[in-house]
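The values are calculated or read from the model by the stated rules, or taken from the named source; none is laboratory data. Since we're looking at a predicted model, the values are computed, not measured. With ideal geometry, Cβ positions are generated from the backbone for all residues, glycine too; neighbour counts draw on all protein chains shown.
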Amino acid sequence: MKSMYLTEIETILKSKISPKCYQMDSEIYGFHYNRTNREKFVKKIVLTVDLSLESIHYAIKNKASLIISHHGLFQEVLRNFDPHLINKLSLLSRYPISIYILNTPFIAAEGGISETIMEALYLKLDRPLYIKNSTGIKIPLGRICYPEMYPGKKTSMNLEDLLKRIKVNLDMKSISYVGVLLKEINRICIVGGNYINEYIIRKVIRKGCDCYISFNIDHYLASLARDLGLTLIEASHYNSEIMALRKLCNFFSLEFPQTEFMLFESRNPINFFA
């Protein structure tokens, strides 16, 4: 049986699960908060989408010594300490617990968020979509793929077929989209996180894609996609991330059975009124 030390899990995260070379510019990545001896054997680890007070309480209650989170305590440079953040820091300071942030590298990595959604939708990989960061490094942020129909179904897929599959497989109550339901879908690009802008939309079209699955669409980009004839689909940000973390939790549990891995499945902060 394998043991899990903090230095060991850091090496695995930086080299395979969430490669440091895929870091996007100055985003928060790696150890966000560390109060644990890196040579110490880690018995309990919590995985979570974000560092809500609820997730921190969960980790403390279960006596975890490490939290692996996709998102950090904050996104941008701090200008002041608001009471909400102070409450979290005060709580963390009382316990020997560390926090590791995955961020964009977990979206781009093999088996990460973009790839997990591709697999969940039973799409066939064509090639990665590379986006350069500010230093010129190409990051495989997205996945360009072909649609595949289920056995016994028709050979081509239209937008309505894809939306139904997304709704079921990603457990979504409703889906926002731009396009015509009966339009045939031939090549799809999936990019996890909030990475969508005019440059990426035009790049996706140049790569021969006629459908783009994103997780954050605004009015301007929706209008642009419509004008360019690109089908645009807004999938659930939270559902995609928790799905990838669930897979990661299972992987770690099998690889390191002496360490207990717990997934904190918080509720999606966005509600839907039907």
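Computed quantities for the displayed model
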read-out	value
Members of the range 116-150 found to be under 24 Å from Gln75 (Cβ atoms) and surrounded by 19 or more Cβ atoms within 10 Å (Cβ to Cβ), listed by number	Thr116, Ile117, Leu129, Ile131, Ile139, Pro140, Leu141, Gly142
Which listed residue, of Ile185, Ile196, Ile201, is touching a Pro at 6+ places or on another chain (Cβ under 7 Å) and more than 30 Å from Ile60 (Cα to Cα)	Ile185
Residues located in the range 117-132, provided they are within 18 Å of the chain's Cα centre (by Cα) and either closer than 17 Å to Asn169 by Cα or touching a residue at least 40 places away in the same chain (Cβ under 8 Å) (or both)	Ile117, Met118, Glu119, Ala120, Leu121, Tyr122, Leu123, Leu129, Ile131
Residues satisfying the stated conditions in the range 243-265, i.e. closer than 30 Å to Val178 by Cβ and surrounded by fewer than 20 Cβ atoms within 10 Å (Cβ to Cβ)	Met243, Arg246, Lys247
Qualifying residue in the range 235-250 (condition: without any contact (Cβ under 8 Å) to a residue 12 or more places away in the chain and in a helix (DSSP H, G or I))	yes
Residue that is nearest to Phe41 (Cα to Cα), among those in the range 252-274 that are free of Cβ contacts under 8 Å to residues at least 40 places away in the same chain and not in a loop (DSSP other than H, G, I, E, B)	Ser253
Strands (runs of 3 or more DSSP E) fully within the range 13-72 counting 1 or more residues that are surrounded by fewer than 21 Cβ atoms within 10 Å (Cβ to Cβ) and in contact with a Ser or Thr (Cβ under 7 Å, 6 or more places away or on another chain)	30-33, 44-48
Boolean, Ile200 is farther than 20 Å from Lys183 by Cα, assigned by TED's automatic domain parsing to the domain that holds Leu129 and among the hydrophobic types (A, V, I, L, M, F, W, C)	yes
Index of the failed condition, Lys167 passing every other in (1) in contact (Cβ under 8 Å) with a residue 24 or more places away in the chain; (2) within 20 Å of Arg143 (Cα to Cα); (3) out of contact with any Ser or Thr (no Cβ under 6 Å at 6 or more places or on another chain); (4) among the charged types (D, E, K, R)	(1)
Pairs, first touching a residue at least 40 places away in the same chain (Cβ under 8 Å) in the range 209-231, second in a strand (DSSP E or B) and surrounded by fewer than 17 Cβ atoms within 10 Å (Cβ to Cβ), C-beta under 7 Å, six or more apart	Ile217/Ser176
Qualifying helices (runs of 4 or more DSSP H) (wholly inside the range 74-146; at least 2 residues being hydroxyl-bearing (Ser, Thr, Tyr) and either over 17 Å from Glu27 (Cα atoms) or assigned by TED's automatic domain parsing to the domain that holds Asp161 (or both))	113-120
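Every residue, every condition in (1) in contact with a Phe, Trp or Tyr (Cβ under 9 Å, 6 or more places away or on another chain); (2) within 16 Å of Cys189 (Cβ to Cβ); (3) of a type in the set (Phe, Trp, Tyr), yes or no:
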site	(1), (2), (3)
Ala120	no, yes, no
Arg127	no, yes, no
Ile139	yes, yes, no
Glu160	no, no, no
